[in-house]
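Structure first, commentary second.
The values are calculated or read from the model by the stated rules, or taken from the named source; none is laboratory data. Since the model is a prediction, treat every value here as computed from it, not as a measurement. Quick reminder, even Gly has a Cβ in these numbers, built from the backbone with ideal geometry, and neighbours come from all protein chains shown.
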Amino acid sequence: MNDVAIILKRELKQYFYSPIAYVFCIIFIVLNASIYMFHFFFFGNADMRAFFSTLPLILGLIFIPAISMRLWSEDYKLGTVELLLTLPIRTEAIVLGKYLAGLIFYLVGLAGTLTIPILLVFLGKPDIGPIFGGYFGAIMLGAFFLAVGIFISGFFSDQIVSLIITSMACGFLVLVGWQYVPMVIDGWIPGLGSFLYKYVGVTRHFNDIERGVIDFKSIIYFLSFTALFIYLNAKALERRKY
Amino acid sequence: MIELKNVCKNYGLTPALTDVSFSVKKGQIVGFVGPNGAGKSTAMKIITTYTAPTSGSCTVGGYDVMKDPLSVRQMIGYLPETVPLYYDMLVHEYLEFIGQARHLNGNFKQRYEWVVEAAGLAPVLNRKISVLSKGYKQRTCLAQALIHDPDILILDEPTSGLDPLQIIGIRNLIRNLSRDKTIILSTHILPEVSTVADRILVVNEGHLVADGSFDDLIQQVTKRNSVYISVKAAKKDFQLGIKKIKGVEELEFDESTPRGVVGGHIYFPSKTDILPDLNHAIRENNWDVVEFSRERLSLEESFIRLTRSSSQEGGTA
């Protein structure tokens, strides 16, 4: 079996054995569905704009940090990091296996929200394009946040610390992607807010994809940052040796 | 098989190992002895590629631990002090995972059956690791170190947490494995090293302070040897007969001997052998020997002397 698949299988088992993971999954689905349902019944729109507009914050502040917090922190706590890093498997393969397990678990959680578009199809005639775009964007966004989360988890043996730092990092990425936050930052340090908005903020890129505008710049943004944080995680683990 | 040359390891500003050099030949069992924080585990972590030396070099089976860590890891079975186990897994699932990660493939079933038998894990194979006793957890972890039949075994405190019967079992297992494996084991249970290891490395405050067999180490710390003898004779005759023996430095009488029996500790320089002359004196004086024994320092005593003297040298330097 491929080394990545060996680690992926083990990590995935650990997710599905853990009751906490199920609790977070249920909270994610219920929270998203209730926020959306409130909007749906209040305004009576058969679209998912409200769902996708709150998704970056819910993902960044709660769900993804909850998934990623254990990826390395738990291994530090149990001492299994010493086992993993002395197996004849490259560090990159271990990181990738762990990352993909987290991603699959996230996709399972995200799949739980598919009840909303199914409901919309039955109740009205929603525009399917933006819904597809939104889910595609949600996958990209989750993949990116998870890469940030696994990178941060590599530095802490305490899962709660890992969760809080990841929440803060993802929250920052969401906030600097909103138009008015960079404006405030620009007021303090001219140019910094605009730079962060243009190159770092996640919301602008997510909104583009969610509207159904598949801009390659946004896709490259997500893919390159995701790859960068996975790579940095492997390098940071190698660096720990010294 | 394993060679460390001038290895230093610092954790921040704190030195964990300072200029440590030693080599281990194929088939040797080496005991790593030293107080807590001496640097034993650090040396083991360097050999297993988990951590990198700050300076110096370490090769295992001809492979440099820094340049070719995967080849080194393939050759090594490692039982870390922390007993790394996934508590949510069943014992057999854990061993299967390690077997896959060690790329056993077709050979797995045979090795799995051997390791379950050798580590005595058959009764707990379907139990969750989190509910195992400390002894079974230790054995499960030992099994993961053995499952791929490695050439080299690095065992950090292998009998920690085991009951006396289990300790004997693990000792026997290590002895059986030593026929074709190179083994380095660290332990705080000092008699364990003397019964299992061919060679002992004593580490203290990051320095290698002694390297040799059990007898070599004792000679290193004892300036003189002693024997105890008690015979049926008059005290005066006994004293005269013993003092005549060449090399005797001191005779310390044992006041607890019964009436008609005289005994004492005879001290002589460690490089001198007085036994032939003592035998001759016994025959010449026609003494009836009641008790006779060669006195040796225990491993604990020699360990304390070695580590204490190295600490004092460090302190005065």
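Considering only residues that are among the hydrophobic types (A, V, I, L, M, F, W, C) and either touching a Pro at 6+ places or on another chain (Cβ under 6 Å) or within 8 Å of chain A (Cβ to nearest Cβ) (or both), which ones fall in the stretch B:31-63?
Listed by number, the residues that qualify are B:Ile46, B:Ala52.
Counting residues that are within 19 Å of B:Lys134 (Cβ to Cβ), of a type outside the set (A, V, I, L, M, F, W, C) and modelled with pLDDT of 85 or more, which strands (runs of 3 or more DSSP E) fully inside the stretch B:155-249 reach at least 1?
In the stretch B:155-249, the matching strands (runs of 3 or more DSSP E) lie at B:182-186.
Hey, does the stretch B:54-64 have a residue that's in contact with a Phe, Trp or Tyr (Cβ under 8 Å, 6 or more places away or on another chain), part of a loop (DSSP other than H, G, I, E, B), within 30 Å of B:Asp19 (Cβ to Cβ) and in the same structural domain as B:Lys181 (by TED's automatic domain parsing)?
yes
Can A:Leu78 be described as crowded, with 22+ Cβ neighbours inside 10 Å, within 14 Å of chain B (Cβ to nearest Cβ) and under 30 Å from B:Asp68 (Cβ atoms)?
Details: crowded, with 22+ Cβ neighbours inside 10 Å: no; within 14 Å of chain B (Cβ to nearest Cβ): yes; under 30 Å from B:Asp68 (Cβ atoms): yes.
Against the criterion (crowded, with 22+ Cβ neighbours inside 10 Å, within 14 Å of chain B (Cβ to nearest Cβ) and under 30 Å from B:Asp68 (Cβ atoms)), A:Leu78 does not qualify.
Specify the residue that is nearest to A:Phe136 (Cα to Cα); the eligible residues are those in the stretch A:178-204 that are β-branched (Val, Ile, Thr) and surrounded by fewer than 14 Cβ atoms within 10 Å (Cβ to Cβ).
Out of the qualifying residues, it is A:Val184.
Quick check: anything in the stretch A:205-218 surrounded by 18 or more Cβ atoms within 10 Å (Cβ to Cβ), among the acidic types (Asp, Glu) and touching a helix residue (DSSP H, G or I) at 6+ places or on another chain (Cβ under 9 Å)?
yes
Would you confirm whether or not the stretch A:58-70 contains a residue that is hydroxyl-bearing (Ser, Thr, Tyr), buried (at least 16 other Cβ atoms within 10 Å of the Cβ) and within 14 Å of another protein chain (Cβ to nearest Cβ)?
Looking through the stretch A:58-70, none of the residues is hydroxyl-bearing (Ser, Thr, Tyr), buried (at least 16 other Cβ atoms within 10 Å of the Cβ) and within 14 Å of another protein chain (Cβ to nearest Cβ).
Take the stretch B:19-33 and flag every residue that is over 14 Å from the mean Cα position of the chain (by Cα), touching a residue at least 24 places away in the same chain (Cβ under 8 Å) and either within 18 Å of B:Ile154 (Cα to Cα) or crowded, with 18+ Cβ neighbours inside 10 Å (or both). Working first, answer last.
From the stretch B:19-33, those over 14 Å from the mean Cα position of the chain (by Cα) are B:19-23, B:25-27; that's our starting set.
Checking the rest, the ones that are also touching a residue at least 24 places away in the same chain (Cβ under 8 Å) come to B:19-22, B:25-27.
Those that are over 14 Å from the mean Cα position of the chain (by Cα), touching a residue at least 24 places away in the same chain (Cβ under 8 Å) and either within 18 Å of B:Ile154 (Cα to Cα) or crowded, with 18+ Cβ neighbours inside 10 Å (or both): B:Val20, B:Ser21, B:Phe22, B:Lys25, B:Lys26, B:Gly27.
Taking B:Asn36 and the conditions (1) exposed (fewer than 15 other Cβ atoms within 10 Å of the Cβ); (2) touching a strand residue (DSSP E or B) at 6+ places or on another chain (Cβ under 6 Å); (3) modelled with pLDDT under 90, which numbered condition does it fall short on, given that it satisfies the others?
(2)
Specify the residue that is farthest from A:Arg240 (Cα to Cα); the eligible residues are those in the stretch A:150-179 that are outside any helix (DSSP H, G or I) and not aromatic (Phe, Trp, Tyr).
Per the criteria, the residue is A:Gln179.
Listed here are the residues, each with its yes/no results for (1) more than 30 Å from B:Leu70 (Cα to Cα); (2) more than 19 Å from the chain's Cα centre (by Cα).
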{"site": "A:Ser73", "(1), (2)": "no, no"}
{"site": "A:Glu82", "(1), (2)": "no, yes"}
{"site": "A:Gly97", "(1), (2)": "no, no"}
{"site": "A:Thr113", "(1), (2)": "yes, no"}
{"site": "A:Ile116", "(1), (2)": "yes, yes"}
{"site": "A:Asp127", "(1), (2)": "yes, yes"}
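Out of the residues in the stretch B:274-299 that are within 27 Å of B:Val202 (Cα to Cα) and surrounded by 12 or more Cβ atoms within 10 Å (Cβ to Cβ), state the one that is modelled with the highest pLDDT.
Step by step, filter the stretch B:274-299, then rank; the result is B:Glu295.
Kindly provide the set of residues from the stretch B:1-48 that are under 19 Å from B:Ala210 (Cβ atoms), out of contact with any Leu (no Cβ under 9 Å at 6 or more places or on another chain) and not in a strand (DSSP E or B), ordered by number.
B:Lys25, B:Gln28, B:Pro35, B:Asn36, B:Gly37, B:Ala38, B:Ser41
For B:Tyr94, state whether it is more than 24 Å from B:Ile29 (Cβ to Cβ), away from chain A (no Cβ under 14 Å), part of a helix (DSSP H, G or I) and out of contact with any strand residue (DSSP E or B) (no Cβ under 8 Å at 6 or more places or on another chain). Quick ask: steps written out before the conclusion?
Details: more than 24 Å from B:Ile29 (Cβ to Cβ): yes; away from chain A (no Cβ under 14 Å): no; part of a helix (DSSP H, G or I): yes; out of contact with any strand residue (DSSP E or B) (no Cβ under 8 Å at 6 or more places or on another chain): yes.
The answer is no for B:Tyr94.
Would you check if there is a residue in the stretch A:39-46 being free of Cβ contacts under 8 Å to residues at least 60 places away in the same chain and under 20 Å from the mean Cα position of the chain (by Cα)?
Scanning the stretch A:39-46 turns up no residue that is free of Cβ contacts under 8 Å to residues at least 60 places away in the same chain and under 20 Å from the mean Cα position of the chain (by Cα).
Select from the stretch A:172-186 the residues that are more than 18 Å from A:Ile58 (Cα to Cα) and not aliphatic (A, V, I, L, M) and list them in ascending order.
If the condition is that a residue be more than 18 Å from A:Ile58 (Cα to Cα) and not aliphatic (A, V, I, L, M), then A:Gln179, A:Tyr180, A:Pro182, A:Asp186 are the ones that fit.
Taking A:Glu11, is it part of a helix (DSSP H, G or I), out of contact with any helix residue (DSSP H, G or I) (no Cβ under 6 Å at 6 or more places or on another chain) and crowded, with 17+ Cβ neighbours inside 10 Å?
So A:Glu11 fails the test.
Return the residues of the stretch B:95-108 that are farther than 12 Å from A:Leu83 by Cα and crowded, with 17+ Cβ neighbours inside 10 Å; say none if nothing qualifies.
If the condition is that a residue be farther than 12 Å from A:Leu83 by Cα and crowded, with 17+ Cβ neighbours inside 10 Å, then B:Leu95, B:Glu96, B:Gly99, B:Gln100, B:Leu104, B:Phe108 are the ones that fit.
Looking at the stretch B:64-82, which of its residues are more than 8 Å from chain A (Cβ to nearest Cβ) and either touching a residue at least 12 places away in the same chain (Cβ under 8 Å) or among the basic types (Lys, Arg) (or both)?
Within the stretch B:64-82, B:Val65, B:Met66, B:Lys67, B:Pro69, B:Val72, B:Met75, B:Gly77, B:Leu79, B:Glu81 qualify.
Within the stretch B:109-129, is even one residue closer than 28 Å to A:Gln14 by Cα, within 17 Å of the chain's Cα centre (by Cα) and within 14 Å of chain A (Cβ to nearest Cβ)?
no
Tell me yes or no: at least one residue of the stretch A:47-62 is at negative phi and over 20 Å from the mean Cα position of the chain (by Cα).
yes
For the stretch A:82-132, name all the residues that are within 14 Å of chain B (Cβ to nearest Cβ), among the small types (Gly, Ala, Ser) and in contact with a Leu (Cβ under 6 Å, 6 or more places away or on another chain).
A:Gly97, A:Ala101
Please indicate, with yes or no, whether at least one residue in the stretch A:181-196 is touching a residue at least 60 places away in the same chain (Cβ under 8 Å), not in a helix (DSSP H, G or I) and not basic (Lys, Arg). Steps first, answer last, please.
To start, the set of residues in the stretch A:181-196 that are touching a residue at least 60 places away in the same chain (Cβ under 8 Å) comprises none.
No, the stretch A:181-196 has no match at all.
Being touching a residue at least 24 places away in the same chain (Cβ under 8 Å), out of contact with any Phe, Trp or Tyr (no Cβ under 7 Å at 6 or more places or on another chain) and assigned to a helix (DSSP H, G or I) is the requirement here; does B:Lys109 meet it? Give the derivation first.
On the way: touching a residue at least 24 places away in the same chain (Cβ under 8 Å): no; out of contact with any Phe, Trp or Tyr (no Cβ under 7 Å at 6 or more places or on another chain): yes; assigned to a helix (DSSP H, G or I): yes.
Taking the combined requirement at face value, the residue does not satisfy it.
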